[in-house]
Amino acid sequence: MPKMRCDHCGLTYDEELLLKDTAFTPPKNFCCKGCQGIFHLLSSEGLSSFYDKKGRTSLEPPKTSGGDLERFDMDGFKEKYVKEKDGFCEVSLIISGIHCAACVWLNEKILHKMEGVIEASISQANNKAKILWDPETTSLSHIIEAIRSIGYNAFPYDPKIQESQANAARREYYSRLVFGIFAVMNIMWIAIAQYYGYFFGIEKNVKQVLTFAEFLLATPTLFFTGSIFFRGAYYGLKNGFVTMDLLIASGSSLTYIYSVYVMLSGIGEPYFDSVTMIVTFVFAGKFLEVLMRKKAVDTLDTISSMLPSEVLVIKDGEKEYVNVENVQIGDLIELRASEKVVIDGVCESGEGSFDESSLSGESIPVLKIKGDKITSGTVCLDSVLTYRACLRAQDSTVSKIATLLEDAMSKKPHIEQLANKISRKFSSTILFIAFITLLCWWYNTDFNQALIVAISVIVIACPCALGLATPVSTLVGLGVGAKKGVLFKESIFLEAMAKCDVLALDKTGTITLGKPEVVKVEKYDDFDISLLFSLVKSSLHPVSIGVAKYLEKEPVKELKLENVKTLEAKGVEAMYGKTRLLGGNARLMKEFGFECEEGEATDFWFAADGALKARFTLKDMPRKDAKETISKIKSMGIEVVMLTGDNARAAKDTAQLVGIESYHHSLLPQDKADFIENLKKSGKKVVMAGDGINDTLALAKSDIALSLGSGTDIAVGVSDVVLMNDSLKALGLAFELSRKTYRTVKQNIAFSILYNATTIPLAAAGFVMPLIAALSMSFSSLVVVANALRIKLKGRK
């Protein structure tokens with residue numbers, strides 16, 4: 001049977017085993033679908049020249065067997081790592097082997113080209129990929145196979161596994177760095193002797209011995225410590241990209257090759273010391289960068305890994321530890337002192353103090369008694385109690401927070417996308433500048449000097465600083481926000497909120513506590529109190545809830561009402577037998593022909609049998625920190641306006657109490673949405689903060705929708721930013737954090753551009769030696785990351 005080569009990998013197989021692809025002329029032969037797919041991709045992207053460069057060289061065979069890939073499609077794997085989302089499947093993976101923005105781009109490009117992949121986004125800061133695909137069209141094993149086919153690998157994201165892998169990577173980096181430092185320390189002594197001999201004379205045989213000693217130290221440093229740069233450069237070139245790794249690998253290799261030539265010929269001066277120091281210093285910068293980036297993104301891992309895997313469940317009087325994934329809604333759970341809550345529920349018996357600082361940022365313990373909600377992620381401090389599960393583990397508060405953070409970290413802000421586009425072109429431009437520099441200097445001086453100057457240009461340029469400018473800053477911002485109880489659902493909302501100049505606030509439940517209390521009652525006629533109680537119990541509006549709580553002080557029973565209708569921003573209507581029941585504001589009563597006037601506070605009117613029966617006056621006090629927070633936001637140059645469906649008097653009183661000059665009252669949900677729309681048409685960028693169903697239209701219309709975690713599920717669902725606690729201080733922090741993060745991003749990008757615009761001309765002019773260039777390049781990356789970590793210091797303050 002004749003043998004033939006696969007047109008992608010170059011491995012030889014029997015002709016009958018190869019796949020013949022007639023889409024090309026002449027037809028191409030492939031050993032597998034993976035090779036066929038990558039060949040099509042490279043051809044469509046105009047990268048077919050890769051095969052000309054590869055020549056007859058064979059690529060590595062597949063890294064893993066089909067059995068390894070099959071595990072990604074097993075039910076157990078899917079249950080643990082794969083989530084269902086709108087009929088599609090979603091998974092979080094860690095992509096190993098990513099070194100720069102070009103690696104991220106290539107992997108995203110491969111995934112987006114796959115049939116059935118809906119969305120794929122990779123964070124360069126932590127190499128974490130979020131992939132959404134159609135299970136009817138492709139499978140996770142095929143996705144992993146595609147990633148491996150271009151020289152990378154993928155593992156399921158698990159905080160504990162990720163931590164062990166991160167530790168292993170740190171150990172590998174550390175061992176390579178230690179060797180590099182050892183070589184630098186020894187080669188420096190040799191270099192001192194070399195320089196002494198250069199100025200004061202040295203015997204030729206002694207110089208040759210010293211040069212050979214430098215060669216022995218530089219060689220393993222370049223190919224062991226610096227292997228990461230060669231690997232990154234190889235995969236970049238293989239897929240048609242010029243990366244930062246290529247700059248370092250080419251600069252150090254050219255210096256090494258030239259020094260070997262000098263050592264063998266005896267003509268010129270060797271630069272083995274520069275080779276060793278360039279590789280070691282740049283590698284040290286990369287090692288520190290890895291450590292600092294890990295600090296920047298450790299919030300999600302902390303949240304995800306801080307919970308125990310089992311809880312103590314009480315069934316039929318027996319206690320047993322059950323895996324959290326197997327706990328069902330309604331199960332009774334025993335919680336002991338110092339234990340963390342894994343599953344949300346309601347306290348059944350006992351009482352205790354809970355530390356909710358991990359969710360709300362507030363350090364003061366909160367007392368929980370029977371009937372109170374127990375939230376996952378909190379810690380029971382001082383007692384034993386039982387509570388009944390009301391959510392599954394995967395739907396718990398802490399799981400939702402982790403999911404929101406994962407989503408946020410996987411989405412790239414617009415400014416980051418721009419920076420990545422620039423950095424992808426950066427390395428090619430630098431190589432071109434270095435080549436022109438080489439020619440110019442060679443023309444005016446000797447080749448030795450020209451090569452050293454060109455190497456300095458290659459080494460001093462730093463696309464990493466530009467590539468890291470945005471992702472590290474946004475991830476730090478997201479992490480600080482999560483610790484302080486401010487959740488940005490996507491990192492792009494940090495950027496968008498920083499640009500907003502108007503804050504529109506709902507009154508009830510946002511500025512105020514949302515728990516109005518009855519302060520005055522006027523009865524006009526006798527009526528069955530149970531009728532009113534049943535009517536207000538059918539509504540979730542805070543005013544109705546306040547009236548219901550007041551009525552519960554007396555013996556009442558809930559009756560079955562018919563045709564219950566909630567009338568937006570007005571009240572509620574229902575029938576009890578042949579009796580029409582009406583409850584709501586003065587506007588509703590006037591629509592039904594009743595004469596009533598608006599009071600100075602919030603009024604709830606009750607009518608039955610065609611007559612007014614009672615009037616309840618309620619007051620909803622502002623949150624204790626509302627005035628201070630609003631004053632702080634206004635000091636940032638942000639216009640604050642209050643929108644409410646309440647009457648003019650109640651709106652005015654609340655606005656005056658919290659220091660808001662601009663307010664609009666008696667608004668229907670559509671009126672609020674129209675107001676937001678008009679603001680946007682006038683060129684304003686609007687943040688809308690609300691907590692109720694009646695705010696959802698306005699939230700949807702705004703540039704940034706913000707809600708309190710205590711708000712309705714619908715309001716939280718449409719929001720871009722969620723405040724996990726009931727304190728408005730978090731609202732001020734959200735503005736402060738978004739602006740600080742965006743300002744840091746702009747500082748980092750400005751520094752990166754200024755650094756390269758300054759240092760590259762200096763290097764091209766011959767003012768910077770390769771050693772100093774290597775130090776400068778590492779320093780620039782560290783400055784960017786360190787500046788991003790300053791956001792954490794701001795968060796602590």
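The values are calculated or read from the model by the stated rules, or taken from the named source; none is laboratory data. None of the values given here were measured: they were computed from a predicted structure. Cβ atoms come from the backbone with ideal geometry, glycine included; neighbour counts cover every protein chain shown. Quick note on the areas: whole protein, heavy atoms, side chains included, nothing else; ligands and nucleic acids left out. Shrake-Rupley method; radii C 1.70, N 1.55, O 1.52, S 1.80 Å.
Extension gain, S353-S175: 0.36 nm per intervening residue step, less the Cα-Cα distance, totals 59.4 nm.
Can you figure out the FRET efficiency of R231 with V564, using R₀ = 56 Å and their beta-carbon distance, to the nearest 0.05?
Approximately 0.25, to the nearest 0.05.
Quick check on packing: order 436-443, 701-708 by the mean number of other C-beta atoms within 10 Å, highest mean leading.
Ranking, from highest mean packing down: 701-708, 436-443.
Using a Förster distance of 56 Å, how high is the FRET efficiency between D134 and E552, based on the Cβ-Cβ distance and rounded to 0.05? Given R0 = 56 Å and the Cβ-Cβ separation, E is 0.65.
Around N186, with a cut-off of 11 angstrom between Cβ atoms, what is the net charge of the other residues, counting Lys and Arg +1 and Asp and Glu -1?
-2
So for each of 478-491, 659-672 I average, over its residues, the number of other beta carbons within 10 Å; can you give me the resulting order with the highest mean first? Intermediate results must be reported in sequence, preceding the final value.
On the way: 478-491: 24.4, 659-672: 17.3.
So the order, starting with the most tightly packed, is 478-491, 659-672.
For the set E558, E115, solvent exposure ranked by accessible area (probe 1.4 Å, protein chains only) runs largest to smallest as E115, E558.
Taking 28 Å as the cut-off for C-alpha to C-alpha distance, list the pairs among K507/K578; K627/K740; K624/K672; K315/K515; K128/K483; K560/K652 that go past it.
Numbers: K507/K578 36 Å; K627/K740 22 Å; K624/K672 25 Å; K315/K515 37 Å; K128/K483 21 Å; K560/K652 38 Å.
Beyond 28 Å between Cα atoms: K507/K578; K315/K515; K560/K652.
For the full complex of protein chains and a 1.4 angstrom probe, list F224, F533 by accessible area with the highest value first.
F224, F533
Think of a 1.4 Å ball rolled over the protein heavy atoms: region 425-561 then has 41 Å² of accessible area per residue.
For region 646-691, carbon and sulfur atoms together expose 47% of the accessible surface, with a 1.4 angstrom probe and every protein chain in place.
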